[in-house]
Structures are given as structure tokens and as C-alpha cells.
Amino acid sequence: MDRREQLFDVAIIGGGPAGLSAGVALARALRSVVVIDAGGQRNLKAEGVHGFLTREGMSPHALLEAGRRELAEFGGKAVTGYVNSGRREDGNFLLSLDDGSFRSARRLLITSGITDHLPDLPGVAERWGRDVLYCPYCHGWEIRNRNVGVLAADAHAVRQALTFRQWSPHVTLLLNGAIRLSPGEAEQLEARNVHVVEGKVRGLDIQHDRLAGVHFDDGSAVPLEVLVVSPATVSKADMLQAIGLEPDGLEEGPGSRLAADDSGQTSCPGVWAAGNATDVSAQVMTAAAAGLKAAEAINADLVLEDTRQAVERARAGTAPVPAP
């Protein structure tokens, strides 16, 4: 069955906090909206959501389920699937899904997030979101006063180590052969009692399903309870290159994102982006807020188009199209 029968006002690619927040806002604005979600949200391995007022510690899965229920309550549609590609057709956007179906819409919102490319160390992927972490504001309280190691990937590691020092007096910077400290950086770390260890990390020490430390190439080891890493964050929007939307590189570190203005509008006409798709450091609450802001901008843009079309019909003496 060709599912292009309905032209949606807005198609949202990505059903995380940003996409669902936007979907609910647009549905409440009486817009026809479809949220297409392939799953795999960035925080699903975390035990709970943090930094989201009134939702502290809530399971990421439960948060998404609640968002989908709200979307349905206001008439929005949710579709499970992956968008293979997108193109313009008759002034609208046509999206091809992995099940062979299509969805068409007047406007697009990209909230597909990013993929974290983790360090190539045995055990890191399995511990991700548990005791291998990245964001201090997401997990700092939970790891306070614990033995924290910061695995250097680039010069940003110094700032990471100094930041995590806020939550624990037991912080070790693992240079990992990736960086050399300047005299000023070494002075800062020493002043904050951050221990510095040379050597290349070769693996994790896991005991009783908990991180116990890291091993080095020379056979030595450092005991740790938490390992902080710097993943390369890569945009998931490559499927939309056909409509002229391509990710940009990050200013700091490896990875990519979609460039957008304060409202989420991209350089591609009719396309907005929000959440981690544009801000790789956005937490759940800020991603949801960005989705809401983009939804307001998209609705305002559609109001202008609806008005222009109504004026053209009036001038042509044609009957108005009934409101949805």
C-alpha cells in the first residue's frame, strides 16, 4: 500500500524528547503531524533521566512511552521505521522508509540525534551509560566522591578532568598517549589535586559487573570506579543529502551536526532541526525545549503559507479550502 494518501503538515524524523515535544506542540496547534522513529535514542542505556524538572530518575524508556501517549492524545501519529532517503516532490517532501512505505509532508523537522562513536577499547561499549560516561551534568551526582578516570582523546580532556573534579576529589587524567600537557595545564591539574597518569590504556578491569580499573600496555593498572570518555558524535541525517541538507563538522573534537539558527531552521528551505541533531551536548530537557521552539517556528511558517494561499484563492475567485 502506498501510504502517501495523506499529506502531513509536518513530518518529524526522530522520536526522542525533541521530536516528541515538537510533535505534541504541533498536534495541539491542530497540525497533522507524523513522528517517524527508528529507536536507538542516545540515553536508552542510562538508568534514569537527570536534569529534567519533575522527571528526575525516570527511565528513558518510560519517558518516551509517556511522550508517545501524549502525541496520540492530541491526534499526532507515530510510525516505527527508518527513513532511508528524502526528496522534494511537488513542493513538498517525500520520505522513503525502510519498510517500503512513504510519507509526505509540507515541512520537515529533523530530531534524529547523533551516534556516539566510542573509544575502541574492549568493554567500553558494554559499560556505556553505566560506569563509562561522558556528561557530568547527567551523571555527576550519582558518581560523586567516587574514583573517576578521564580518558584523554584530545586537549578537551583537561577541561573534562577539571570539571569532574567538582563532583569528586578522586579524579585521574589518563593521558593515553593522546595529549601532552602544557606547563599551565599541569599547574592547574596539580592545584586541583587531579592525578595525571602517562601510558596507553589497553582495556578495562571488570569485577562482579562493575568497573574496577584500567590496564595499560606496560602491564600496570589504575583502580577506578568510573571512566569518562569523549565519544565522537556523528549526525544521523545523512539520508537527507538529496534535499541539500548535509551535516557540518564540530568546532571542538571529531563528529558532525546540523547547523541551524536559534529557531532550529536550517539552510535548507522548509527544514528545521532540534535536539542533539544540532546541539551534541543537549540534555533531555534542553532537547525537548528545542523541539518545542522549532515547532512554534514551523507552525508560524505554515500560517504564513496558509495565508498566502488563501489570498491567492480569493484573488482567483475560488472557494476556500475547509479548515482541517
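The values are calculated or read from the model by the stated rules, or taken from the named source; none is laboratory data. What you are looking at is a predicted structure, and each value in this text was computed from that prediction instead of being measured. Cβ sites come from the backbone with ideal geometry, for glycine too, and all protein chains shown count toward neighbours. SASA here: full protein model, heavy atoms, side chains in, ligands and nucleic acids out. Shrake-Rupley method; radii C 1.70, N 1.55, O 1.52, S 1.80 Å.
From the list Leu64, Leu94, the one residue that fits, being closer than 13 Å to Ile36 by Cβ and not aromatic (Phe, Trp, Tyr), is Leu94. Of all residues in the range 288-324, those that are at pLDDT 95 or above and not in a helix (DSSP H, G or I) total 0.
Within the range 172-186, identify whether any single residue is of a type in the set (D, E, K, R) and touching a strand residue (DSSP E or B) at 6+ places or on another chain (Cβ under 7 Å), and answer yes or no. Full working, then the answer.
Narrowing the range 172-186 to residues of a type in the set (D, E, K, R): 180, 185.
With the extra rule that they be touching a strand residue (DSSP E or B) at 6+ places or on another chain (Cβ under 7 Å), the set shrinks to none.
Looking through the range 172-186, none of the residues is of a type in the set (D, E, K, R) and touching a strand residue (DSSP E or B) at 6+ places or on another chain (Cβ under 7 Å).
Return a yes/no flag: does the range 252-259 have any residue that is within 27 Å of Thr233 (Cα to Cα) and modelled with pLDDT of 95 or more. Steps first, please.
Here is the first cut: in the range 252-259, the ones within 27 Å of Thr233 (Cα to Cα) are 252-259.
Cutting the leftovers down to modelled with pLDDT of 95 or more gives us none.
No: zero hits.
Name the single residue that is surrounded by the fewest Cβ atoms within 10 Å (Cβ to Cβ) among those in the range 147-190 being among the basic types (Lys, Arg) and under 27 Å from the mean Cα position of the chain (by Cα).
Let us first name the residues in the range 147-190 that are among the basic types (Lys, Arg), namely 159, 165, 180.
With the extra rule that they be under 27 Å from the mean Cα position of the chain (by Cα), the set shrinks to 159, 165.
On the way: Arg159: 13, Arg165: 19.
Across the range 147-190, the extreme among qualifying residues is Arg159.
Restricting attention to the range 27-40, the residues that are buried (at least 22 other Cβ atoms within 10 Å of the Cβ) and within 16 Å of Trp128 (Cα to Cα) total 0.
Just one of the listed residues (Ala72, Ala22, Ala78, Ala38) is more than 22 Å from Ile114 (Cα to Cα), small (Gly, Ala, Ser) and out of contact with any His (no Cβ under 7 Å at 6 or more places or on another chain), and it is Ala72. Across the range 104-146, which residue is farthest from Asp217 (Cα to Cα) among those that are open to solvent by 20 Å² or more (accessible area, probe 1.4 Å) and of a type in the set (Asp, Glu)? Within the range 104-146, the match that is farthest from Asp217 (Cα to Cα) is Glu142. Scan the range 71-80 residue by residue and report those that are under 21 Å from the mean Cα position of the chain (by Cα) and in a helix (DSSP H, G or I). Matches in the range 71-80: Leu71 only.
Examine the range 115-123 for a residue that is under 30 Å from Arg87 (Cα atoms), of a type in the set (Ser, Thr, Tyr) and touching a Phe, Trp or Tyr at 6+ places or on another chain (Cβ under 7 Å), and state whether such a residue exists.
Kept after step one, since they are under 30 Å from Arg87 (Cα atoms), are these residues of the range 115-123: 115-117.
From what's left, of a type in the set (Ser, Thr, Tyr): 115.
Next cut, touching a Phe, Trp or Tyr at 6+ places or on another chain (Cβ under 7 Å) only: none.
No: the range 115-123 contains no residue that is under 30 Å from Arg87 (Cα atoms), of a type in the set (Ser, Thr, Tyr) and touching a Phe, Trp or Tyr at 6+ places or on another chain (Cβ under 7 Å).
Residues that are within 27 Å of the chain's Cα centre (by Cα), assigned by the TED database to the domain that holds Trp128 and farther than 17 Å from Leu133 by Cβ do not occur anywhere in the range 197-220. I'm trying to understand the selection: among the residues of the range 52-87, which are surrounded by fewer than 15 Cβ atoms within 10 Å (Cβ to Cβ) and touching a residue at least 40 places away in the same chain (Cβ under 8 Å)? Hits for the range 52-87 are Leu53, Gly75, Thr80, Asn84, Ser85, Arg87.
Is it true that some residue in the range 262-275 is assigned to a helix (DSSP H, G or I), within 15 Å of the chain's Cα centre (by Cα) and either of a type in the set (Phe, Trp, Tyr) or crowded, with 20+ Cβ neighbours inside 10 Å (or both)? Yes, the range 262-275 contains a residue that is assigned to a helix (DSSP H, G or I), within 15 Å of the chain's Cα centre (by Cα) and either of a type in the set (Phe, Trp, Tyr) or crowded, with 20+ Cβ neighbours inside 10 Å (or both). Which residue is modelled with the highest pLDDT, if the candidates are limited to the range 191-229 and must be open to solvent by 30 Å² or more (accessible area, probe 1.4 Å), under 16 Å from Arg127 (Cα atoms) and in contact with a helix residue (DSSP H, G or I) (Cβ under 8 Å, 6 or more places away or on another chain)? The selected residue is Glu225.
For the range 20-39, the count of residues that are outside any strand (DSSP E or B), free of Cβ contacts under 8 Å to residues at least 60 places away in the same chain, closer than 20 Å to Arg257 by Cα and within 18 Å of the chain's Cα centre (by Cα) is nonzero.
Residues that are of a type in the set (S, T, N, Q) and within 29 Å of Gly51 (Cα to Cα): which helices (runs of 4 or more DSSP H) entirely in the range 81-175 hold 1 or more of them?
Working: elements: 124-127, 136-139, 156-164.
So the answer is 156-164.
Which of the residues spanning the range 108-126 are within 30 Å of Val35 (Cα to Cα) and either in contact with a Ser or Thr (Cβ under 7 Å, 6 or more places away or on another chain) or touching a residue at least 12 places away in the same chain (Cβ under 8 Å) (or both)? Matches in the range 108-126: Leu108, Leu109, Ile110, Thr111, Ser112, Gly113, Ile114, Thr115, Asp116, His117, Leu118.
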